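Notes to accompany the following structure.
The values are calculated or read from the model by the stated rules, or taken from the named source; none is laboratory data. The structure displayed is predicted, hence computed values, not measured ones. Positions of Cβ are backbone-derived with ideal geometry, glycine not excepted, and every protein chain shown enters the neighbour counts. When the accessible area is computed, the model is the full protein with side chains, heavy atoms only, and any ligands, DNA or RNA have been set aside. Shrake-Rupley method; radii C 1.70, N 1.55, O 1.52, S 1.80 Å.
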2 protein chains.
Amino acid sequence: MSRLDQQMAFLTEVDRLKSVLRATTLCDGSRMENSAEHSWHIALYALVLAEHAETPLDTAKVIKMLLLHDLVEIDAGDAPVFGTHDTEALAVQEQAAAIRIFGLLPDDQAQAFRALWDEFEANESPEAQFAKSIDRMQPPMQNLASGGGSWIDYDVTQNMFETRIGPKINTGAPKIWAWLQPKVAAFFAGRG
Amino acid sequence: MSRLDQQMAFLTEVDRLKSVLRATTLCDGSRMENSAEHSWHIALYALVLAEHAETPLDTAKVIKMLLLHDLVEIDAGDAPVFGTHDTEALAVQEQAAAIRIFGLLPDDQAQAFRALWDEFEANESPEAQFAKSIDRMQPPMQNLASGGGSWIDYDVTQNMFETRIGPKINTGAPKIWAWLQPKVAAFFAGRG
Ligand SMILES: [Ca+2]
């Protein structure tokens, strides 16, 4: 196979991310969101919101991470954040998925993409922390727009949200969390 | 409205791109593709394929252009390349859409995003030409994978494809056109 043959095989295979459904709906609630359009949406979130990070970011790297971050779901599926799943088994599936899917590319690109995904997963660099925080704040934005979405489906309370999600948004994007938190609190207060 | 209020209003509004359907299907033919997931897919095409451009590119700029390039479709709709539409009327609709949608952002970002979209549409810089070529080569890739797709729906012949699409791919990505052309020719030859 030529280099282009390998690259095109990868680009055709990743089309399957469009068929991986998430726990969130579109903002109008009309259907479940898929992981490909979600990846586009949060890349755009990063482009618009990078200025609010605590340290200057390599925005292009954040965007690349976000374009790639869910590809392992093609094999491992999407694990809803408020669902129950075997964390260790999922990690094993995702590692195998990364090897298979990035492995379709020429070696140098496979290694570069894998390094970006590993950096995202490690959640240590400023770019990874911002990307992870953005990835956590897009679902609540969808839920606020649609009137509850996955919060209702998974019986989420304000306390669950503030304990499990808030700190993850706050880590990489405290200014954005400060903006979002009162809106989420008002939503849950309104449900009584 | 605060700066974050404006940015979040924009990010919520662009969710509607997930409901704009294109003339192409997913690679497995299971449903029509939408413009948001298409935008993700070609951003990834650009990341993987930028090395095949004729001159070194600012890949981050290409990716930003592609994340934004279809936003005007939220108001103006997707105009299938082999469909019939009033080119002038569509251009007017797209200009109005750009003003409304980018106008949701703070002024400096509205201007920066508009400049990227204008550069893409002008199709003159190496980045715009490569982005446009990638945007033209993803649908034939989907059609080859699904067994015909929009080529069958729009009664496209090899001659129509090579006359109307080939030159547009060749402009910004001649090496990629050289790879794709024989595959498309073989598809049409096989249909007799
Ligand atoms: Ca397009």
Treating cross-link reach as a plain straight distance, find the lysines whose alpha-carbon is under 23 Å from the alpha-carbon of residue B:168, omitting any fewer than eight places away in the same chain.
B:61, B:64, B:132, B:183
With the label set 7 Å along Cα→Cβ, residue B:21 is separated from its counterparts in the other copies, in nm and shortest first, by 1.7
For the protein assembly as shown, using Cα atoms only, the Rg and Dmax in Å read 20.6, 66
Other-chain or far-sequence residues with amide H under 5 Å of residue B:24's (modelled H):
B:33
With every protein chain kept in place and a 1.4 Å probe, chain B has an accessible area per residue in Å² of 40 Å²
Starting from the Cα of residue A:90, step 7 Å toward the Cβ, then list every residue of segment A:33-66 with an amide N under 18 Å from that point.
A:33-36, A:38-39
Taking every residue in B:140-146, how many Cβ atoms of other protein chains lie within 10 Å of its Cβ, on average?
2
Can you pull out the GluC sites (Glu not before Pro) in segment A:96-192 whose DSSP state is coil and whose Cβ has at most 10 other Cβ atoms within 10 Å?
A:124
Distance in nm between pseudo-label sites at residue A:107 and residue B:119 (7 Å out along the Cβ direction from Cα)
3.5 nm
Total accessible surface hidden between A and B, rounded to 100 Å², 1.4 Å probe
4100 Å²
Could you state the number of Å between the C-alpha centres of segment B:1-72 and segment A:45-96?
17 Å
Between residue B:79 and residue A:75, what is the spin-label point distance in nm, taking each point 7 Å from the Cα along the Cα→C-beta axis?
4.3 nm
Could you look at chain B and say what percent of its accessible area is carbon and sulfur, using a 1.4 Å probe and all protein chains?
52 percent
Total charge dipole magnitude, the protein assembly as shown, about the Cα centre, Cβ charges on Lys, Arg, Asp, Glu only, Debye to nearest 20
280 debye
With an 8 Å cut-off on Cα pairs and a minimum separation of 6 or more residues, tell me the relative contact order of segment B:3-191 in percent.
26 percent
Within 10 Å of the Cβ of an average residue in A:110-123, the count of other chain Cβ atoms is 0
Under the rule of -39500 (n - 2.57) per DSSP H run of 4 or more residues, summed and divided by the residues of chain B, what mean residue ellipticity at 222 nm is obtained, to the nearest 500 deg cm²/dmol?
-20500 deg cm²/dmol
Nearest 10, in degrees from 0 to 90: the angle of helix B:35-49 to the longest Cα principal axis of chain B is 70 degrees
quick shape note, chain B: Cα extents on principal axes in Å, largest first -> 60, 35, 31
Using θ = phi - 60° and Karplus 6.51 cos²θ - 1.76 cosθ + 1.60, couplings along segment B:162-178 (whole Hz; Gly, Pro as x)
6, 7, 8, 10, x, x, 6, 6, 5, 4, x, 8, x, 5, 6, 4, 4
So which residue, out of B:137, B:65, B:160, gets the largest mean-square fluctuation from a GNM of chain B using Cα contacts under 10 Å as springs?
B:160
Here the whole-number average of other chain Cβ atoms within 10 Å per Cβ of A:15-24 is 4
Taking 0.36 nm per intervening residue step and subtracting the Cα-Cα distance, what contour gain separates residue A:183 from residue A:54 on full extension?
44.3 nm
Measure nothing but the geometry: give the 0 to 90° angle between the long axis through the Cα atoms of A:107-122 and the longest principal axis through the Cα atoms of chain A, rounded to 10°.
20 degrees
